[in-house]
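A.B. asks: Sharing a structure here in structure tokens format.
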């Protein structure tokens, strides 16, 4: 008489499933907290490009134009016109910016993201 062993079971155990649920949950939490800061950065970059292309030549004009743009774009909270760095390269106005965004993940843990950009 020949003894046949039962088929080997395959799949994820309960502990494995819980582990992956926690990992995916943490990644989703980080993504949900970081995406608003990315959206703000893209809005700031767009506003800076618009201000640089408007044709203002003095630093106060450029900063005032950015502050007007900030009033239109409600998502810009991290910087203001006074934070902009205005330079001139080859007779072209270049507006640049840099700021840090702090994202609170949970009570003692924060994620710091350094954003910087310049007009095209």
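A.B. asks: I'm checking my understanding of the structure. Among residues of region 98-108 that are more than 16 Å from residue 76 (Cβ to Cβ) and at pLDDT 90 or above, which one is farthest from the chain's Cα centre (by Cα)?
C.D. replies: So, considering only residues that are more than 16 Å from residue 76 (Cβ to Cβ) and at pLDDT 90 or above, the one farthest from the chain's Cα centre (by Cα) is 108.
A.B. asks: Can you find, within region 95-120, the residue that is farthest from residue 47 (Cα to Cα) among those that are in contact with a helix residue (DSSP H, G or I) (Cβ under 9 Å, 6 or more places away or on another chain) and part of a loop (DSSP other than H, G, I, E, B)?
C.D. replies: Top of the filtered list is 120.
A.B. asks: Select, from 94, 51, 34, the only residue that is touching a strand residue (DSSP E or B) at 6+ places or on another chain (Cβ under 7 Å) and buried (at least 16 other Cβ atoms within 10 Å of the Cβ).
C.D. replies: Answer to the check: 51.
A.B. asks: Evaluate the following for residue 103: is it closer than 21 Å to residue 37 by Cβ and surrounded by 14 or more Cβ atoms within 10 Å (Cβ to Cβ)?
C.D. replies: So residue 103 fits the description; yes.
A.B. asks: What number of residues in region 38-61 are over 17 Å from residue 99 (Cβ atoms), in a helix (DSSP H, G or I), without any contact (Cβ under 8 Å) to a residue 60 or more places away in the chain and in contact with a helix residue (DSSP H, G or I) (Cβ under 8 Å, 6 or more places away or on another chain)?
C.D. replies: Adding up the residues that qualify gives 1.
A.B. asks: For region 5-21, name all the residues that are surrounded by 10 or more Cβ atoms within 10 Å (Cβ to Cβ) and assigned to a helix (DSSP H, G or I).
C.D. replies: 16, 17, 18, 19, 20, 21, listed by residue number.
A.B. asks: Right, something else. Do we have residue 65 as surrounded by 11 or more Cβ atoms within 10 Å (Cβ to Cβ), touching a strand residue (DSSP E or B) at 6+ places or on another chain (Cβ under 8 Å), free of Cβ contacts under 8 Å to residues at least 40 places away in the same chain and not in a loop (DSSP other than H, G, I, E, B) here?
C.D. replies: No: the conditions fail for residue 65.
The values are calculated or read from the model by the stated rules, or taken from the named source; none is laboratory data. This is a predicted model, so every value here is computed, not measured. Using ideal geometry, Cβ is built from the backbone for each residue, glycine included, and neighbour counts are taken over all protein chains shown.
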